[in-house]
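All remarks here apply to the structure that follows.
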Amino acid sequence: MNSKKTVAFATLGLLAGCGGTGALGPSSPASQPQQGNEETPSQFETPDVASPDVGDELQRLVELNIVHVGQLVRDYPEGAMNCYGPCPGFEDEIAEADARQAARLQQLVDIATEVSSVTLNSYSCSVEVIDENLAALDGLDIVEVFGLVEEVPQNNPYCYNTPCPDDIEVADEINCQRATALATIVAEATEL
């Protein structure tokens, strides 16, 4: 083989690996390898099937207004992503890990939806307990957790441009409700 062709193929392989974003979304058709047999499923089909669900589930979790969340945590086998993206030979393991994490996220969102309106528990509302629960939820390695969604009372011109006592009380109650829901989510999600 011509050395120029070898260098060109090697360079093309490196460049193709650099195009990945790390998201669970579908790959563009240009970046997917060509299959010789049309009946053989693509190596990326499983993530494509799961990716819309992940986006929907993350949106549902955000809409509950309990915690600020980021992306789905990916738990790939060691070395699976060392090739400027997915390494050849790890496609099935990556797809299985993505599907497992998507299922865990769905279970977490179902739990959060069920407990989003629990009865207030003032013990759960202390800063220390909230921090512990946030760390526990983040420690499940399902989704990135950035903090409790906090209701902030707005300044009111009728209270000298500061929050009125009634507004502060309402905000505190909402925040305590969210903290109680967080504590309940953590208690029920420990087995995920």
Within 10 Å, count the other beta carbons around each residue, average over each peptide in 137-143, 68-74, and list them highest first.
-> 137-143, 68-74
Chymotrypsin sites (Phe, Trp or Tyr not before Pro) lying in DSSP loop within the range 66-130, provided at most 14 other Cβ fall within 10 Å | TYR84
Dipole magnitude (debye, nearest 20) for the range 62-192, charges at Cβ of Lys, Arg, Asp, Glu = 140 debye
Give the peptides 60-66, 186-192, 101-107 in descending order of average Cβ contacts within 10 Å, highest first.
-> 101-107, 60-66, 186-192
Length gained if GLU144 through GLN71 is fully extended, taking 0.36 nm per residue and subtracting the Cα-Cα distance, is 25.7 nm
Modelled label-to-label distance, ASP166 and VAL152, 7 Å Cα→beta-carbon offset: nm?
-> 2.3 nm
Net lengthening on full extension, VAL62/SER117 (0.36 nm per residue, minus Cα-Cα) | 18.3 nm
Rounded to one decimal in nm, the spacing of the 7 Å Cα→Cβ label points at ILE174 and CYS159 is 1.3 nm
Once the mean 1/r over all distinct Cα pairs of the range 62-192 is inverted, what Kirkwood radius in angstroms do you read off?
-> 16.7 Å
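Taken together, the values in this text are just the output of simple stated rules run on the coordinates, not laboratory data. None of these values were measured; they are calculated from a predicted model. A quick note on method: Cβ atoms are made from the backbone with ideal geometry, for glycine too, and the neighbour counts reach across all protein chains shown.
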